[in-house]
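The values are calculated or read from the model by the stated rules, or taken from the named source; none is laboratory data. All figures in this text were calculated on a predicted structure; none of them were measured in a lab. Because the Cβ atoms are built from the backbone with ideal geometry, glycine has one as well, and the counts that use them run over all protein chains shown. These accessible areas exclude ligands, DNA and RNA; they are computed on the full protein's heavy atoms, side chains included. Shrake-Rupley method; radii C 1.70, N 1.55, O 1.52, S 1.80 Å.
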Amino acid sequence: MSTINDVAREAGVSKTTVSFVLTGFRSVSKETEAKVRAAMDKLGYVANHSAQSLSTSKTNTIGVITSNRQGAYFELARGAYINWLSKAATSAGYDMLIVNDPDGTATANVCQSHKADGLIFLDVRRKDSRILYAAKSGIPTVCLGVPDDRMNLDVVDTDFGHAASSMVEKLASEGHNKICLITLPQPILDQELNDTFRFIQSANKTSQRLGLNLSIRTCTTDTEKIESELDDILSMQAGTTAYIIQNESAILVFHHLMEIRHVPIPEQYSVLVSCEKQMSDALYMPFSAWQNDVQLVTETAVKTLINHFKHPKRKPQFKLLQGQYMDRGTIASP
């Protein structure tokens, strides 16, 4: 197996420089880091994080704290976030520890036992008890979401408020006055996940500002019930000319219903959805979409956390990344 000395010789740098690249304890130039990474790839070098942790008191591990509650909706998007976080962590020379923690107990354990050098929180709620444990411990932390109280922690997320406002404005510019927003089921809304709350709040405010009629309908994610619930929503929306869908499970089922009902899109209804770019590409999403880039936001979260390792006294970062509009021809004037 290749050693750190082999990597240093291949890259033409010192062993200490390779160590800095692996641990992030001191900054090196982008060019030098690129040479070291290329040498590691060429030699098939795998860092021995256990040995490093013994000599540096660091674990070279990033803890990803999720909160999938028993019986709660496991969003398809969560898998994409975990996948891209893992890739970003591995690329930066870190292992990833996934912890399921709905109430903060497991987070406290990770902080007290020093199982990770830093944390990234998924499924951030407006009032999130898990974040308090991280803030009190002083462990470097990035919230992949916006809690009401940031507690001086780093925050990275997609700007879902901007996405919702842009979607309403897009439909309004085409002349739509009555719009229906199909969102997640009430039990999910009751958890006050920050992204869903900000999306709905912004859609409401923008509709009021523009004088539009926006109705909000919750929809199940249960595969056995979702088609009938969407059928009921469509039956109750007399006069609606446009739909915004913020429910990944409902998007493809909605398209199926339009096909079996022989409803032309966008001639009868305009449809605009909110989803992840990676999911949209993989599933050949049929509707125009405001897409958030999971790869971009997760890579930004990991880089922000590593930057905190290197500069622990810097000010907390707050980064909201803009989504991108993908036009698939499903919006037209009513």
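Points worth noting:
- Cut-off 13 Å between beta-carbons: net charge of the residues surrounding residue 131, Lys and Arg +1, Asp and Glu -1: -1
- If the Kirkwood radius is taken over C-alpha pairs of region 270-332, then at 20 °C and 1.002 mPa s the Stokes-Einstein diffusion coefficient equals 158 µm²/s.
- Think of each Lys and Arg Cβ as +1 and each Asp and Glu Cβ as -1; about the Cα centre, that makes the dipole of region 200-334 roughly 1200 debye.
- Acute angle (nearest 10 degrees) that the helix 248-260 long axis makes with the longest principal axis of the chain, alpha-carbon atoms: 40 degrees
- Carbon/sulfur fraction of accessible area - the chain, other protein chains in place, 1.4 Å, %: 50 percent
- For the residue pairs 277/303; 42/115; 15/136, the alpha carbons lie more than 27 Å apart in 42/115; 15/136.
- Cα-based values for region 125-249, radius of gyration first and Dmax second, are 17.0, 54 Å.
- Using alpha-carbon coordinates, inclination of helix 30-43 to the longest axis of the chain, degrees: 80 degrees
- Bins of 5 Å from zero: percent of alpha-carbon pairs in region 90-146: 4, 19, 34, 27, 12, 5, 1
- Dipole of the chain [Lys/Arg +1, Asp/Glu -1 at C-beta], most positive-end residue of 32, 220, 82: 32
- Region 1-43: C-alpha pair distances exceeding 17 Å, %: 15 percent
- Each of 230, 321, 287 was scored by the projection of its Cα onto the charge dipole of the chain, and the greatest displacement toward the positive side belongs to 321; charges sit on the C-beta of Lys, Arg, Asp and Glu.
- Dividing the summed -39500 (n - 2.57) terms of all DSSP H runs of n ≥ 4 by the residue count of the chain sets its mean residue ellipticity at 222 nm at -14000 deg cm²/dmol.
- Within the chain: Cβ-based charge dipole about Cα centre, in debye rounded to nearest 20 (Lys, Arg +1; Asp, Glu -1): 1520 debye
- Quick note on the chain: its Rg to Rh ratio, both from C-alpha atoms and Rh being the Kirkwood radius, is 1.05.
- Helix 76-91 axis, angle to the chain major axis (alpha carbon atoms, nearest 10°): 20 degrees
- The chain, accessible area per residue, ligands and nucleic acids excluded (1.4 Å, Å²): 47 Å²
- Estimated translational D of region 154-198 in µm²/s (Stokes, Kirkwood radius over Cα pairs; 25 °C; 0.890 mPa s): 200 µm²/s
- Computed over region 191-332, Cα set: Rg, Dmax in Å: 18.1, 60
- The DSSP beta bridges internal to the chain are antiparallel in roughly 10% of cases.
- Point-charge dipole on Cβ atoms (K/R +1, D/E -1) for region 202-271, about Cα centre, debye to 20: 480 debye
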